[in-house]
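Below you'll find the structure, written out as structure tokens, and then a few comments.
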Amino acid sequence: MTTITTQPEDAARAGCHALGIDARGLMPLREHATSVYRLPNEDAVARVSPRAKSDAIVRGVALAGWLVDQGYPATEPLDVAQPFTHGPYVINFWRYYPQHNRDQPAPEHLGRLLRQLHDLPPPPMALPVYQPLASLCTAIGRSRLPAEIRSWLTEATRELLDAYSRLDFPLGTGLIHGDAYPGNLIWDGSSVRLGDWDEAALGPRELDLASTHHGAVRFGRPQQLINAFTRAYGYDASAWSGLSTLVAIRDFHTLGAFIKRADAGDLRAAAQLHHRIATLQDGNRNARWNTF
């Protein structure tokens with residue numbers, strides 16, 4: 001008996017058909033943990049994620065809509081009955097923002113937007129309490145990595161969670177983006193919006209600052225850009241003793257998507273995963289990583 005495997009693009013087209021969205025000319029924009037497709041006839045994008053993320057996506061769509069209503073520059077979901085599930089995927093639809101080959105917005109934009117986000121009143125919808133490394137723990141348990149690597153990752157994760165539990169957070173807790181790094185910034189004409197709200201939660205605000213500092217270590221983001229981010233936000237997380245723990249947590253958090261892609265047969269992801277794990281096992285906190 002032949003098994004037909006549904007692909008993300010098939011799911012995107014199925015979602016378009018079900019919701020009356022024009023899928024003609026559909027083209028891939030990004031493939032990682034979530035696959036993103038442009039829908040040129042609708043001035044929109046379709047985001048296709050694993051079905052296990054359905055609850056997070058429902059929350060993300062609702063939160064983004066509320067943020068837009070508050071005047072906050074969040075990416076805007078389409079006003080359709082979403083999300084839509086198809087096979088192993090969940091699909092949601094968002095406004096498309098042409099980038100016109102512009103450079104990625106600088107981290108200072110992220111600092112400003114995070115300051116605005118953290119100053120907002122509590123949102124009206126229920127959000128989960130942030131659980132660090134929860135998705136990684138799930139990925140490890142389902143992965144095809146060698147047993148000794150899974151064992152090492154599990155123990156390293158346990159140690160980081162123990163260190164996290166002992167931190168004091170000067171900025172307190174509240175609404176956080178949960179995956180706040182410059183890659184989630186999008187130009188909207190001359191201004192900038194913040195997107196990808198799937199991991200929004202209630203948690204320590206320092207978590208949203210750690211990702212930018214992590215980028216300086218692993219991806220060579222220049223110090224002057226980190227300084228501009230800090231000035232825009234109005235708080236220097238590098239002066240806080242807990243930042244190194246959050247940066248280490250970010251190190252491990254990034255492994256989850258690469259584990260899933262490697263298990264699906266993505267050779268580039270597998271090579272990058274091997275490199276990241278090797279540098280972590282060596283204790284090399286300054287090794288450069290690649291992203292794609």
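The values are calculated or read from the model by the stated rules, or taken from the named source; none is laboratory data. Please read all numbers here as calculations on a predicted model, not as lab measurements. Methodologically, a virtual Cβ is constructed for each residue, glycine included, from the backbone with ideal geometry; neighbour enumeration extends over all protein chains shown. Surface accessibility is based on the protein's heavy atoms, side chains included, excluding ligands, DNA and RNA. Shrake-Rupley method; radii C 1.70, N 1.55, O 1.52, S 1.80 Å.
Compute the separation of the alpha-carbon centres of the stretch 7-45 and the stretch 62-126 and state it in Å as a whole number.
The distance from the Cα centre of the stretch 7-45 to that of the stretch 62-126 comes to 18 Å.
Output ³J(HN,Hα) for the stretch 101-108: one whole-Hz value per residue in order, computed from phi by the Karplus curve 6.51 cos²θ - 1.76 cosθ + 1.60 with θ = phi - 60°, and x for Gly and Pro.
6, 6, 5, 4, x, 6, x, 4
Rolling a 1.4 Å sphere over the protein heavy atoms, what is the accessible area per residue of the chain, to the nearest Å²? Don't jump to the answer; show the numbers that get you there.
On the way: 14280 Å² over 292 residues.
Per residue, the chain has an accessible area of 49 Å².
Calculate what fraction, in whole %, of the accessible area of the stretch 58-149 sits on carbon and sulfur atoms when a 1.4 Å probe is rolled over the protein chains.
51
Among 204-214, 70-80, 116-126, what's the highest-first ranking by average C-beta atoms within 10 angstrom per residue? Before the final figure, lay out each step's value.
Numbers: 204-214: 23.5, 70-80: 17.3, 116-126: 12.9.
Sorting 204-214, 70-80, 116-126 by mean packing, highest first, produces 204-214, 70-80, 116-126.
Semi-axes, largest first, in whole Å: what does sqrt of 5 times each Cα gyration tensor eigenvalue give for the stretch 215-292? Provide the component values of the computation, followed by the final result.
Working: eigenvalues 148, 35, 25 Å².
Sorted largest first and rounded, they come to 27, 13, 11 Å.
If R0 is 41 Å, what FRET efficiency do you get for residue 158 and residue 69 from their C-beta distance, rounded to 0.05?
On the way: r = 41 Å, r/R0 = 1.00.
FRET efficiency, residue 158 to residue 69: 0.50.
Starting from the amide H of residue 90, placed 1.01 Å from N in the peptide plane, find each other amide H under 5 Å away whose residue is 5 or more places distant or on another chain.
When sequence neighbours closer than 5 places are left aside, the close amide H contacts are 49, 51.
Which three semi-axes in whole Å describe the equivalent ellipsoid of the chain, each the square root of 5 times a Cα gyration tensor eigenvalue, listed largest first? Could the numbers behind the result be given before it?
On the way: eigenvalues 169, 129, 64 Å².
After scaling each eigenvalue by five and taking roots: 29, 25, 18 Å.
For residue 120 and residue 27, what does the FRET efficiency come to when R0 = 45 Å and r is the distance between their Cβ atoms, rounded to the nearest 0.05? List each step's numbers first, then the result.
Details: r = 35 Å, r/R0 = 0.77.
Here the calculated transfer efficiency is 0.85.
What is the spread of the Cα atoms of the stretch 102-260 along each of their three principal axes, largest first, in whole Å?
49, 33, 32
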